[in-house]
Structure formats: C-alpha cells, structure tokens
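> Quick one: structure below, then a few questions.
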Amino acid sequence: MLRFLPLKLGRLYRCLKLLFVIGLFVILLMNTHNLFASFQKNELTDRRFINLNKCPACFGTSWCRKFMNGQISFETWGRLRFLDVFNVKNVFFAQYGEPREGTRRIVLKRLGSNQELTDIDQKICKRATGRPRCDLIQAMYKTEFARLNGDVRLLTPDVVEGWSDLVQCPSQRLLDRIVRRYAETKDSGSFLLKNLKDTERMQLLMTLAFNPEPLVLQSFPSDEGWPFAKYLGACGRMVAVNYVGEELWSFFNAPWEKRVDLAKQLMDIAEQLTNNDFDFALYLLDVSFDNFAVGPRDGKVIVVDAENVVVADKRLIKQNKPENYDVWYESKFEECDKEACLSFSKDMLCSRVTVDHNYYAICQNLLSRYAVWRGSSGGLLHDPPPHIAKDGQLGALLDECANPKKRYGRFQAAKELREYLTQLSGTTR
C-alpha cells in the first residue's frame, strides 16, 4: 500500500495545480473589463492610489513630480490590482524613465501591508480624537509627530527612543546623522531639526515610528559603500529604491564557485556592519534569503530589506560604560522549527562593544546546515565538492559559527571562515 502513496500524492498535487489554474482563469474572466483598464491607466499618477492625499501622514514628497508626470509605471503584472491579494508586503517592480537616460527598473514599496497601514491611520486618529476614524491630516497636528515644532532645535534620544529598531538605543550622534541626511527635504545637510518644515518633520517622525527602512538607506547610503539598496525618493506612501537584482534565494542551487563568492560577501557584510570606522554597529534582526539580492552585472550582494536594523553607537557605549560593556557578547544559538529564526537581546546589542550577532545571523540563517528556507535545508554552501567535504574544515567552521562549542568560538570561527572563503574564491576562479 505504501508504494502507492507517492503516486496518490502526485495526483493530488496535479489536481490542486489544475484547480489553481482554473481558479485564476475564472478570476481573469470576471475581471476582464478591469484587466484592460489596468493596462490603459497609470495608477501611479493617482494621488489617492499612492496616498499622497494623506500627507503629512506619509513618507515624503521628493519624487511626486516624477510620479505625477508619468515617469514611473508598473511593470506588466504589477498593473493587475486583483493580484494584490498575493502581494502582502506591497512591494512592486516598476519602470522609471528620464528623457536623457532612458528607462530602468526600480522597486516601489508601501513599507507595510494594507492592514499595517490601516492600523497606523487608526492609531493616529485615536491619539488625536479617541476615535479610530477621523480627518487624518488634522489629526497629525495633534499627535507626538507634531510636538517637535519649529522651536525645537534638535531631535533628541529621549523623544524617540524605542519607537523602532533604528532608534532602539539612539545616540545624539545617530539622530543628528538621520536628520542631516534626510532626503525628503530640499534643505538637507543640516542636523538642526528646526530647519525642516512642519510637514517634513512630521513625515520624518512618522517614517521613524512606522518603518524606518528609508532612513536606514539614507543615513548609511550605498554611495558611501554601505551594503544597502539606494534610496531614490518618495511620494505619499510609496517609496522608490534602486532595483538591485534577483533575490539571494535564486542562487541557492548556483554553481559552487558562485555560491562560495556570495557566502564570502555575506560574511564581509556581517563584518562591515559590526566593525567600521564610524563606530556604528548595525545589527540585522531579519536575515533570510529574501532580504538579500545579487547584482546582475557585478554580482554584488546587497541588503534589500532594512526595516529591522538596530544601530548601536559604540562611542556612546564606551563613554557611558554600562555594566559589562567591555565583555564580549555571544548570541545564543537556539534550534527552531520555523524559517529564519534568530535569538537576540536588543538590550545586549545596545550595551556591549563587541557582539557576534551578525556572524551568528548570517551563518545560522544563510550559510550553515541549520539554514532552512522554503522547505530546503543545508544553507547556501550545501553539497560542497568531494575534496572540500572530505577535508571537513568548511563544515567545522560553519558549525562553530552557527552553534559554537567553545567560549567566544563564533568570533574566531567567523574570522577563519572569511579567510577560508577568500582562499576558496581565489582557487575557484
């Protein structure tokens, strides 16, 4: 009887696949009129569709002229609104055109699901009026986003601490950097909050509280060598970033040489975000194959989802000297039956100078045998060539990096793993 089980499962899978196709065809038939209308209309010029009508309860207006001029348009499938039910994260691919430069692909983000965006509207209304529905624009002027008026000189830690991961433990140096590099103002370059218009201040604070990803990309820009996607601009609640390339998951079964190169870059990212000349440690709290992408030309690995990043100012930690601040902190390995699991303490990330979190996150969730994603296990460095597998060094380093057996073993393993991958990259070219 057991021998027929795979056959039955195969038939069931084919039946479900057929039902899905039939269902999709029915939906297409029911939406034929909307289908043609979607291809004829550029919804990105619609103020309501991009929620420009909700500003200053929005993420910015720097790219509104480009949106309104029709320079940005959804790619084919992005125009079909009935498919939005599958696009929970509200991330879209689009084409952006400049007269002299031609068109190029960009990514548009609403920075949250429809439910999350509805929730923020209701929270604003409840804080202002006590009711879940209200005139959103008027309500914004009665919230904490408007309290920092033109008389307030600086954005200070006591005001925004804990609003989001970016400001889990903010220093004045970090906040000055955020304000100075804020891209949604014409007069960027000053760390003085009073130099921003009232609407710009509210937009900055709303972004900081709801989803600080745009501020991470602006404060640590790719132009200066940080491994993040380039921020382009915003209009209403639609943010535009540079298209990097295919997600890392697309390379899970790439040739061994390619995977070694990608693994080395991932460990380099972990090192750069942990130890850099600026003494800011950027800890990645959401590490998965979907949150990294690979450039099609240069093969460079880039972080494409920077919402959950804790930034700790090492200079402030050394200055304040909290308890055990100079004791190396080891992240605790925990086995998990879910995908992309991580164990961390934000308090520890914010109070220690030397932390192994980024090495742990990359090794456990992307590189080692503990990495599980979309039903596949083994990590990016699965199935190494026989001579490397027989040697055993790679497997031992990956295991120690993900689940160390020695005290401070992960620090040493991460260092040796970077060196070993560099060596492998050199011999595979």
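The values are calculated or read from the model by the stated rules, or taken from the named source; none is laboratory data. Worth saying up front: this structure is predicted, and the values here are computed from it rather than measured. Here the Cβ positions follow ideal geometry from the backbone for every residue, glycine too, while neighbour counts run over all protein chains shown. Areas reflect the complete protein model, heavy atoms only, side chains present, ligands, DNA and RNA absent. Shrake-Rupley method; radii C 1.70, N 1.55, O 1.52, S 1.80 Å.
> GNM on the chain, C-alpha springs below 10 Å: top fluctuator among I317, I50, I106?
Evaluated over the chain, the most mobile residue of the options is I317.
> For a protection proxy built on the mean count of beta-carbon atoms within 10 angstrom, sort 153-159, 238-244, 372-378 highest first, please.
Descending mean neighbour count gives 238-244, 153-159, 372-378.
> For the charge dipole of region 246-427, defined by +1 on Lys and Arg C-beta atoms and -1 on Asp and Glu C-beta atoms about the Cα centroid, which residue among A254, L266, S351 has the Cα displaced farthest towards the positive pole?
S351
> Return the lysines within reach of K89: Cα separation strictly under 16 angstrom, same-chain partners fewer than 8 residues apart disregarded; answer none if there are no such residues.
Partners found: K109.
> What FRET efficiency comes out for the pair Q272/D298, r = Cβ-Cβ distance, R0 = 25 Å, nearest 0.05?
0.90
> If the viscosity is 1.002 mPa s and the temperature 20 °C, what translational diffusion coefficient in µm²/s does Stokes-Einstein give for region 246-427 when Rh comes from Kirkwood over Cα pairs?
My calculation gives 129 µm²/s for D.
> Let me ask you something else. Mean-square fluctuation check for the chain, GNM, Cα pairs under 10 Å: which of A361, A254, A234 is largest?
Answer for the Gaussian network model of the chain: A254.
> Could you check the spin-label model distance between K406 and N42? Points 7 Å from the Cα along Cα→Cβ, value in nm.
If labels sit at K406 and N42, their model points lie 6.1 nm apart.
> Counting heavy atoms of the protein chains only and a 1.4 Å probe, report the per residue accessible area for region 328-396 as a whole number of Å².
For region 328-396, the solvent-accessible area averages 49 Å² per residue.
> Using +1 at the C-beta of Lys and Arg and -1 at the C-beta of Asp and Glu, which of Y360, V311, S73 has the Cα lying farthest in the positive direction of the dipole of the chain?
S73
> Follow-up question, since we're still on this one. Would you please give the FRET efficiency between R131 and I388, computed as 1/(1 + (r/R0)^6) with r the Cβ-Cβ distance and R0 = 45 Å, to the nearest 0.05?
The formula returns an efficiency of 0.10 here.
> May I pose another question? How much of the DSSP bridge set in the chain is antiparallel, in percent, rounded to the nearest 5?
Taking every DSSP beta bridge within the chain, about 95 percent pair in antiparallel fashion.
> Distance from the Cα centre of region 322-346 to that of region 167-206, in angstrom?
Spelled out, the Cα-based centre of one part sits 31 Å from the other.
> Give me the lysines in straight-line cross-link reach of K197: C-alpha distance below 22 Å, same-chain residues under 8 apart excluded.
Those lysines meeting the cut-off are K54, K66, K142, K186.
> Rounded to the nearest 20 Debye, what is the dipole magnitude of the chain about its Cα centre when Lys and Arg each give +1 and Asp and Glu each give -1 at the C-beta?
1140
> May I ask you to list, by number, the DSSP H helices of the chain whose Cα span along the axis is at least 30 Å and whose average Kyte-Doolittle hydropathy reaches 0.5 or more?
Qualifying helices: 5-30.
> Nearest 20 debye, what's the magnitude of the dipole of region 246-427 about its Cα centre given +1 on Lys and Arg Cβ and -1 on Asp and Glu Cβ?
Charge dipole, region 246-427, about its Cα centre: 400 debye, nearest 20.
> Under a straight-distance cross-link criterion of Cα-Cα below 28 Å, which lysines are reachable from K332, leaving out those fewer than 8 residues away in the same chain?
K264, K314, K318, K321, K346, K405, K406, K415
> When you take every Cα atom in the chain, what is the radius of gyration, and what is Dmax, the widest Cα pair distance, in Å?
Calculated on Cα positions, Rg and Dmax stand at 23.8, 79 Å.
> Could you state the number of Å between the C-alpha centres of region 285-309 and region 116-160?
When both Cα centres are located, 32 Å separates them.
> Then there is this: Could you tell me which of C169, Y420, G395 has its Cα farthest along the dipole of the chain towards the positive end, charges placed at Cβ (Lys, Arg +1; Asp, Glu -1), taken about the Cα centre?
Value: C169.
> In nm, give the distance between the simple-model label positions of D198 and L285, each being 7 Å from the Cα along the Cα-to-Cβ direction.
A separation of 3.3 nm, rounded to one decimal place.
> Quick one: which residues, 5+ away or cross-chain, put their amide H under 5 Å from the amide H of G379? H built at 1.01 Å from N.
Close amide H contacts, sequence-distant or interchain: A371.
> Give me the percent of the accessible area of region 246-427 that comes from carbon and sulfur atoms, probe 1.4 Å, all protein chains in place.
Result for region 246-427: 46 percent of the exposed heavy-atom area is carbon or sulfur.
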